[in-house]
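In what follows, a single structure is set out as structure tokens and then discussed.
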Amino acid sequence: MKRFLCFLISGVVVGSMFSAGVFGADTFTSSGAVSTVSEKTLNGVSDWAEKEVREAIEKGLVPEILQKDYTKNITREEFCGLCASVLKAWGSDFEYKNSDIIFLDTSNRDVLECAEIGIVNGVGDDKFAPNNSIKRQEAARMLYNTLSVGTSVIDNLHNSSKTPECCIPHSFNDGGIIRNWARDEINHMYRYGVMLGVSEDNYDPDGYYTREQAICTFLRLFNCYGNMEANPIPEADYYPYGQTAKDYISDGMQYAIGYSKENYKADYIDSDGNQYTEKEKGYIYPFDKKLGIFITSTGVGVGASIVVDKDGNERNIPANYEILDGSDAVVKFESNILKSTLYSIPDMKEVFSGNGVLYKIGDNLYEFVDSDFLSTIIDSKGNVIIDKSKGYTHSGQFTIMYNGLFVLANKNGGCDILNSKCEVVKHRDIDPSWDLWDSVGTNAHFHNSDNDKHIFYRCYSGVAAEYDYVTLMENNEAIVRGPHFHNYILNADGSVKFDAGKLGYKNVENVKGFDFYEVLKDNGESGLCDIVDKNGKVIKTNVNRGLGSVAIPSMPVAIDKSGVFAYVKNKVVNFFDFYGNDLGKFDLRGVCSADTEVDIKFINGMLFVTNFYPGDEEDIGEIYITPQGKRFIVNPL
């Protein structure tokens with residue numbers, strides 16, 4: 001049973017994490033005396049950690065055995081020592097009493113106490129592995145358990161009317177490798193400022209944890225119960241709702257029909273459930289981009305629109321435009337005559353213009369293809385790096401840089417491999433009957449129009465294999481089709497990662513730019529597919545993808561970079577992680593009618609759901625759902 005503790009300081013009861021009380025430098029340690037820390041004690045601690053390590057020792061949170069070798073990986077037993085110290089500092093009078101909890105490899109009292117109250121578990125075979133190092137996601141779970149057992153903080157959050165029972169998720173770039181048993185715990189510790197990422201939006205869940213890192217996080221954990229303001233709380237995540245949110249879902253950009261400065265409302269909420277208006281916080285915006293597009297009117301053909309920055313300032317660019325996919329430095333302008341104009345960000349100065357189509361190749365590098373399919377390579381400032389006189393051609397598909405290299409076809413024959421400085425590092429002679437179709441890195445797809453054959457060509461090694469069709473992936477892999485529609489997923493080196501035909505699958509498609517694939521046994525007639533992960537392992541079967549003959553999304557599956565899939569089947573949203581483990585479900589039948597089609601999209605870690613055709617009479621509006629299947633509670637402004 002949970003033990004909810006009172007923390008007493010000079011006779012004043014300190015309440016939940018939202019208390020305004022702040023513990024000063026004279027806070028008593030668990031022994032009741034103020035300690036001082038010598039420079040010798042702090043010898044070897046990293047500069048970034050020195051202040052918090054000093055404070056943690058002064059508060060009596062750090063066992064003496066851990067007051068040295070600060071950059072050494074902390075062990076499971078040592079971590080339990082910190083847990084026990086914080087529990088005592090919170091006022092716990094717990095004593096180990098249960099003789100049934102015995103580990104063959106340790107009799108440490110801190111370990112036994114933490115095991116008895118549910119903070120830690122053994123590793124099996126009645127062993128604890130006390131000397132094993134701790135990974136970051138293991139540490140987050142133990143920190144969460146300590147806070148849950150020792151205080152009312154978690155219960156207070158769950159009882160809040162603003163938030164669902166589970167913690168609001170955060171999208172870590174490497175969140176795909178977070179395990180189910182640590183996902184919610186990591187989100188809690190992140191939200192409380194206890195355990196942040198190793199860099200901006202990277203968590204490193206399998207990285208090891210040092211003593212000084214553990215000491216700093218236990219100080220922050222200690223602060224969660226009464227001194228929350230002392231923790232480095234991360235910036236909130238934001239979620240648009242209302243008309244803005246509904247149209248936001250269409251392609252990742254934000255649209256607002258009927259925009260006007262006088263009456264347009266851009267309401268949104270933050271990850272604490274607080275609500276804001278456009279006037280209070282500015283425009284809702286895709287937070288990974290610097291500019292957004294607002295449609296201001298619609299009609300036959302192309303409607304009018306404006307470009308705004310994150311502060312809501314309009315950028316006066318005429319006619320129609322879009323932000324190049326994956327780019328935060330160039331805006332693409334297109335008219336009916338395929339004229340493309342580049343603008344620098346944020347000043348929106350025109351830097352390049354011409355009749356043709358513009359493609360993003362890599363960081364700060366773009367390819368402009370004119371009506372004769374001749375290529376010009378430019379940078380984000382509009383500087384021409386390679387002009388069309390060099391004789392490079394483009395088939396109208398795509399060229400993508402990978403590991404600093406990319407391939408272009410030379411009109412004089414063959415193809416060149418170029419580096420990020422556009423220097424030719426290798427030339428290959430190719431039979432002139434083969435045309436470069438597309439390329440990723442140094443892998444290329446060539447097509448012979450005479451016999452409609454395709455080759456997967458590894459340009460650097462000169463190795464080619466012929467197939468009935470080739471689709472290159474942005475991860476440098478390829479989907480290929482052999483005779484009798486036998487499909488394969490190939491690794492970058494041309495080896496077979498997944499033999500779809502051997503396993504009875506009729507079709508293979510990449511899932512929305514991620515290193516995952518949908519594989520179908522009947523070419524989609526059933527509307528179901530299986531999901532294959534980046535290692536070629538089937539992690540989920542019978543995922544609903546929609547019928548190709550029906551005007552609904554061909555793959556109603558949303559994927560978040562933090563490692564969560566979501567799909568709708570029979571009006572139930574299903575969540576699973578990148579390992580194929582189920583996370584949660586949400587039944588939409590209570591919020592939309594049986595024949596209403598819905599669309600889904602992840603926004604900052606939560607799933608946004610709306611009807612697929614905005615404006616239908618059976619419009620469910622919009623709701624947000626956490627990966628655990630809990631609805632985010634919103635009372636619209």
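Looking at ILE119, ILE101, ILE177, ILE154, just one residue is farther than 19 Å from ARG191 by Cβ, at pLDDT below 90 and touching a helix residue (DSSP H, G or I) at 6+ places or on another chain (Cβ under 9 Å), and that residue is ILE101. If I filter region 116-128 for residues that are without any contact (Cβ under 8 Å) to a residue 40 or more places away in the chain and crowded, with 21+ Cβ neighbours inside 10 Å, do I get at least one hit? Within region 116-128 (the criterion being without any contact (Cβ under 8 Å) to a residue 40 or more places away in the chain and crowded, with 21+ Cβ neighbours inside 10 Å), the answer is yes, since at least one residue qualifies. For region 414-453, the candidate set comprises residues that are under 23 Å from GLU477 (Cβ atoms) and β-branched (Val, Ile, Thr); within that set, the residue that is surrounded by the fewest Cβ atoms within 10 Å (Cβ to Cβ) is VAL425. Within region 229-256, being in a helix (DSSP H, G or I), in contact with a helix residue (DSSP H, G or I) (Cβ under 9 Å, 6 or more places away or on another chain) and either of a type in the set (Gly, Ala, Ser) or modelled with pLDDT of 90 or more (or both) holds for GLU229, ALA230.
The residue that is nearest to the chain's Cα centre (by Cα), among those in region 394-413 that are surrounded by fewer than 16 Cβ atoms within 10 Å (Cβ to Cβ) and closer than 18 Å to TRP437 by Cβ, is GLN397. So, in region 257-273, of the ones that are aliphatic (A, V, I, L, M) and at pLDDT 50 or above, which residue ends up nearest to LEU157 (Cα to Cα)? Step by step, filter region 257-273, then rank; the result is ILE269. Against the numbered list (1) surrounded by fewer than 23 Cβ atoms within 10 Å (Cβ to Cβ); (2) among the aliphatic types (A, V, I, L, M); (3) in a helix (DSSP H, G or I); (4) at pLDDT 95 or above, LEU82 comes up short only at (1).
Evaluation of VAL425 against the conditions (1) part of a strand (DSSP E or B); (2) hydrophobic (A, V, I, L, M, F, W, C); (3) over 17 Å from ASN403 (Cα atoms); (4) over 32 Å from the mean Cα position of the chain (by Cα) shows that the sole unmet condition is (3).
Filtering ASP100, ASP69 for residues that are in a loop (DSSP other than H, G, I, E, B) and either without any contact (Cβ under 8 Å) to a residue 40 or more places away in the chain or over 28 Å from VAL37 (Cβ atoms) (or both) leaves a single hit, ASP100. Here ILE361 clears all of (1) of a type in the set (Val, Ile, Thr); (2) more than 19 Å from LEU418 (Cα to Cα); (3) at pLDDT 85 or above except the condition numbered (2).
Within region 454-472, the set of residues being surrounded by 15 or more Cβ atoms within 10 Å (Cβ to Cβ) and hydrophobic (A, V, I, L, M, F, W, C) comprises ILE455, PHE456, CYS459, ALA464, ALA465, VAL470, LEU472.
Residues are listed down the side, and each one gets a yes or a no for (1) of a type in the set (Gly, Ala, Ser); (2) more than 26 Å from GLU212 (Cβ to Cβ); (3) not assigned by TED's automatic domain parsing to the domain that holds SER562:
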| residue | (1), (2), (3) |
| --- | --- |
| ASP100 | no, yes, yes |
| VAL120 | no, no, yes |
| ASN131 | no, no, yes |
| ALA139 | yes, no, yes |
| ASN159 | no, yes, yes |
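Here is the figure for region 428-444: residues that are over 33 Å from the mean Cα position of the chain (by Cα) and of a type in the set (A, V, I, L, M) total 2. Total residues in region 422-433 satisfying the condition of being without any contact (Cβ under 8 Å) to a residue 24 or more places away in the chain and either in contact with a His (Cβ under 6 Å, 6 or more places away or on another chain) or farther than 22 Å from ALA465 by Cβ (or both): the figure is 3. Look at region 197-212: where a residue is more than 18 Å from TRP48 (Cα to Cα) and a partner is in a helix (DSSP H, G or I) and aliphatic (A, V, I, L, M), sitting 6+ places away or on another chain with Cβ atoms under 6 Å, you get PRO205/ILE177.
Looking only at residues that are of a type outside the set (Phe, Trp, Tyr) and over 18 Å from HIS427 (Cα atoms) in region 389-402, which one is modelled with the lowest pLDDT? Full working, then the answer.
Within region 389-402, the subset of a type outside the set (Phe, Trp, Tyr) is 389-391, 393-397, 399-401.
If we keep only those that are over 18 Å from HIS427 (Cα atoms) as well, we get 395-397.
On the way: SER395: 73, GLY396: 68, GLN397: 74.
Per the criteria, the residue is GLY396.
Considering only helices (runs of 4 or more DSSP H) fully contained in region 115-203, which possess at least 2 residues that are more than 27 Å from the chain's Cα centre (by Cα)? Don't jump to the end; show me each part of the working.
Numbers: elements: 136-150, 153-158, 180-191.
It comes to 136-150, 153-158.
Collect the residues in region 200-222 that are farther than 19 Å from ASN73 by Cα and surrounded by fewer than 23 Cβ atoms within 10 Å (Cβ to Cβ), keeping them in residue-number order. The answer is GLU200, ASP201, ASN202. Would you call VAL149 in the same structural domain as SER107 (by TED's automatic domain parsing), in contact (Cβ under 8 Å) with a residue 12 or more places away in the chain, within 17 Å of MET189 (Cβ to Cβ) and touching a Ser or Thr at 6+ places or on another chain (Cβ under 7 Å)? It is false that VAL149 is in the same structural domain as SER107 (by TED's automatic domain parsing), in contact (Cβ under 8 Å) with a residue 12 or more places away in the chain, within 17 Å of MET189 (Cβ to Cβ) and touching a Ser or Thr at 6+ places or on another chain (Cβ under 7 Å). Taken together, the residues in region 564-590 that are within 18 Å of the chain's Cα centre (by Cα) and modelled with pLDDT under 90 amount to 1.
The values are calculated or read from the model by the stated rules, or taken from the named source; none is laboratory data. This structure is a prediction, so every number in the text was calculated from the model and none was measured. Because the Cβ atoms are built from the backbone with ideal geometry, glycine has one as well, and the counts that use them run over all protein chains shown.
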